[in-house]
Amino acid sequence: MDDTCVFCLRKVPTRGHHVVPRCKGGREIASTCHSCEDFIHKTWTHNQLRDDFNTVEKVRADERFQKFLRWLHKQKTETVFKSRRNHSRVNHKYR
């Protein structure tokens, strides 16, 4: 099913994504493409998503996400972003 991703605003296949991770008490679900969801989870921990990046607007406003969007909008709509975990992301277990 094609819908509009609330993060990149592209009309691509989407799925439900908890803005604040469900394991951290999140209930709000947003239509998100695979590329944006993968980038979000590769960039921020669940705790960071709960505390600092807990809305679509805060994620979209971050410079790292803006840089990703500039790259993503140059790609074909079929392109799916996949990468290894960001090395600058702090490796903490759940708190």
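FYI, it's all coordinate maths here, none of it is from the lab. In this text the structure is predicted, and so the values were computed from the model without any measurement. Using ideal geometry, Cβ is built from the backbone for each residue, glycine included, and neighbour counts are taken over all protein chains shown.
Straight-line cross-link reach from Lys24 at under 16 Å between alpha-carbon atoms covers these lysines, not counting any fewer than eight positions away in the same chain: Lys93. Phi-derived couplings, Karplus 6.51 cos²θ - 1.76 cosθ + 1.60 at θ = phi - 60°, listed residue by residue for the range 60-77: 5, 7, 5, 4, 4, 6, 4, 4, 4, 4, 4, 5, 4, 6, 8, 8, 5, 5 Hz, with x used for Gly and Pro. Across the range 2-72, the mean sequence separation of Cα contacts (distance under 8 Å, 6 or more residues apart), normalised by length, yields a relative contact order of 28 percent.
Pairs of Cα atoms nearer than 8 Å and 6+ residues apart set the relative contact order; for the range 1-42 it is 36 percent.
Output the peptides 63-74, 43-54, 22-33 sorted from most to least packed, where packing is the average of other Cβ atoms within 10 Å over each peptide's residues. Present the calculation step by step, with values, prior to reporting the outcome.
On the way: 63-74: 13.2, 43-54: 17.4, 22-33: 14.8.
By packing density, highest mean first, the sequence is 43-54, 22-33, 63-74.
Between Ala61 and Leu9, what is the spin-label point distance in nm, taking each point 7 Å from the Cα along the Cα→C-beta axis? Reported label-point gap for Ala61 and Leu9 is 1.7 nm.
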